[in-house]
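K.L.:
For reference, the structure I am asking about is given below.
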Amino acid sequence: MTSDTAIEEAEAAIARLATPPMIEDPYPLYDAIRRVDRVYESTTLGAYAVTGYKEVNAAARMGNMKNGVRAATTQRADWQEHASLRLFLRALVNLDAPEHPAMREVASSVFTPKAIREMRESVEVLARRFVDDLAEQAKDGRPVDLVPTVASPFPVAVICEMLGVPDSQGMLFYKLANDWTRVWGGGNYSEEELAQADESVMELRGYFSELFEERRAERRDDLISAMLDQHDAGRIDDEDLMALATFLFISGFETTTNLISTSIYTLLENPDQLELWRRNPDVTASAVEELIRHGTPISGTVRLTGEDIELGGKEIPAGRMLFLMTAGANRDPAQFTDPDRLDLTRNEGGHVSFGGGPHYCLGANLARMEAQVVLPLIINRFSSIEVGGEVEWRTAIGLHGFEHLPLTLSE
Ligand code: HEM
């Protein structure tokens, strides 16, 4: 029998998680929910909060699920009048069957494992360039913010190169994209933010239209050209082309930025693990996997049951919303020994940071590669790294990373 106090704690945890700003250590909140139930029907949420590892994994893989963010966004009667919401709902991640498998096939034929592997050399060159910048700025001993020097511009530069977006436009697109992502939460945004998102999306569309025109005139060896081939073969229409290109662009940096900043901070909080990695470069692959588990750059995803289901021993009717709390699942003690501990040599099976099932992250291997290249460069280049001022966490619900992370570094 669950006590009233435990239920009150779970509801308070849910209310806190649903209200900006996000906090540095949300994990005790997920524990409070999981303690009551791994699949918990919350009155505050009017939905189920899923924090168990097995249950999140199972729900993500069920074929009879719909996208919860789509359902929440379309509750707004005038959503079709907003350019930002219209394009967002056309993005791959927000499509349901039968549109999703068709678009996923097109996206996978463009964003291939081979295309990702071939980026390796460029990723190394770009990482060195941004870490050199960091070293240059850190020379006089003053704190340097890791976010605008490396954590943001490096993944932006990588995805720009893959897509074929000119380097010089990368950070402008980044700003426009950030305005857009403020309305991605399903409803948790102001009317001003929505107006700004609409304006920025129109501007972003203008730039991408120009890029499409340039590539129509002359194809290159980039993903914009590959997407145009798919368009010309009749597999996607104009609007799908725009939605796919802009969504791939944003997915390419929004989360990896968080992964880089959170990983460096977490390593500084765990100096024994930082030293272990410096001494054993061989642990890089498992180190990055552990940092992706421990930091969970996207805290969760939302699903709507398409029919009656059974999850974690519960009968859940069709039409109910499930919050798949991947950040909670990644700290589930039933799956991971001492889950809050950072252990770069951990080998206990996969995390759920990249989701699972039909919407499994298409860029997982790109994100891994970027982290495997840039993190060792940073920790081995600087013999001393310390937090050098007030840190600021990102406020957006669902994203776990830094807005500002000032560091003092010496080589
Ligand atoms: C650490 C970095 C990243 C994390 C944690 C992450 C996480 C996720 C998650 C959780 C999903 C599933 C969302 C859902 O089920 O509703 C997803 C989907 C997706 N991700 Fe990532 N991602 C990362 C990096 C990237 C990168 C670098 C790209 C490359 C462009 C990318 C492209 C995508 C795409 C296209 C989808 C949609 C797949 C679909 O709906 O079929 N991601 N990602």
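The values are calculated or read from the model by the stated rules, or taken from the named source; none is laboratory data. For clarity, every value in this text was computed on a predicted model and none was experimentally measured. With ideal geometry, Cβ positions are generated from the backbone for all residues, glycine too; neighbour counts draw on all protein chains shown. The protein model used for the area step is the full one, side chains on, heavy atoms only, and it has no ligands, DNA or RNA in it. Shrake-Rupley method; radii C 1.70, N 1.55, O 1.52, S 1.80 Å.
K.L.:
Which of the residues that make up segment 34-47 are open to solvent by less than 10 Å² (accessible area, probe 1.4 Å) and modelled with pLDDT of 95 or more? Don't jump to the end; show me each part of the working.
P.N.:
Pass one, segment 34-47, residues open to solvent by less than 10 Å² (accessible area, probe 1.4 Å): 39, 42, 47.
Within segment 34-47, just V39 meets the criteria.
K.L.:
Of the conditions (1) under 30 Å from F173 (Cα atoms); (2) of a type outside the set (V, I, T); (3) crowded, with 16+ Cβ neighbours inside 10 Å, E239 satisfies every one except a single condition; which number is it?
P.N.:
Only one criterion in (1) under 30 Å from F173 (Cα atoms); (2) of a type outside the set (V, I, T); (3) crowded, with 16+ Cβ neighbours inside 10 Å is unmet by E239, namely (3).
K.L.:
Does segment 18-33 contain at least one residue that is open to solvent by 40 Å² or more (accessible area, probe 1.4 Å), at pLDDT 90 or above and either among the aliphatic types (A, V, I, L, M) or within 27 Å of E310 (Cβ to Cβ) (or both)?
P.N.:
Among the residues of segment 18-33, not one is open to solvent by 40 Å² or more (accessible area, probe 1.4 Å), at pLDDT 90 or above and either among the aliphatic types (A, V, I, L, M) or within 27 Å of E310 (Cβ to Cβ) (or both), which makes the answer no.
K.L.:
Let me ask something else. Quick one: which residue in R293, R303 is within 11 Å of the ligand (Cβ to nearest atom), among the basic types (K, R) and in contact with a strand residue (DSSP E or B) (Cβ under 7 Å, 6 or more places away or on another chain)?
P.N.:
The conditions single out R303.
K.L.:
Could you pull out every one of the helices (runs of 4 or more DSSP H) wholly within segment 1-111 that has 1 or more residues that are touching a helix residue (DSSP H, G or I) at 6+ places or on another chain (Cβ under 8 Å) and of a type in the set (F, W, Y)?
P.N.:
Helices (runs of 4 or more DSSP H) meeting the threshold: 27-36, 53-61, 83-90.
K.L.:
Checking R216 against (1) open to solvent by 30 Å² or more (accessible area, probe 1.4 Å); (2) part of a helix (DSSP H, G or I); (3) under 23 Å from M119 (Cβ atoms), only one condition comes out false. Which one?
P.N.:
Only one criterion in (1) open to solvent by 30 Å² or more (accessible area, probe 1.4 Å); (2) part of a helix (DSSP H, G or I); (3) under 23 Å from M119 (Cβ atoms) is unmet by R216, namely (3).
K.L.:
Here is a further query. Would you tally the residues in segment 266-320 being hydrophobic (A, V, I, L, M, F, W, C), assigned to a strand (DSSP E or B) and open to solvent by 40 Å² or more (accessible area, probe 1.4 Å)? Give the derivation first.
P.N.:
Step one: list which residues in segment 266-320 are hydrophobic (A, V, I, L, M, F, W, C), which gives 267-268, 274, 276-277, 283, 285, 287-288, 291-292, 298, 302, 304, 309, 311, 316, 318.
Pick out the ones that are also assigned to a strand (DSSP E or B) and you get 298, 302, 304, 309, 311, 316.
Checking the rest, the ones that are also open to solvent by 40 Å² or more (accessible area, probe 1.4 Å) come to 298.
Qualifying residue count, segment 266-320: 1.
K.L.:
Those residues that are away from the ligand (no atom under 15 Å from the Cβ), more than 30 Å from D343 (Cβ to Cβ) and of a type outside the set (D, E), I need them from segment 306-330; list them, please. First the steps, then the outcome.
P.N.:
Quick first cut of segment 306-330, residues away from the ligand (no atom under 15 Å from the Cβ) only: 307-320.
Applying the additional criterion that residues be more than 30 Å from D343 (Cβ to Cβ) yields 307-310, 313-320.
The answer is I309, G313, K314, I316, P317, A318, G319, R320.
K.L.:
Where the second residue is of a type in the set (D, E) and the first is closer than 18 Å to E191 by Cβ and lies in segment 55-83, which pairs have Cβ atoms under 6 Å and are six or more apart or on separate chains?
P.N.:
H82/D198; A83/D198
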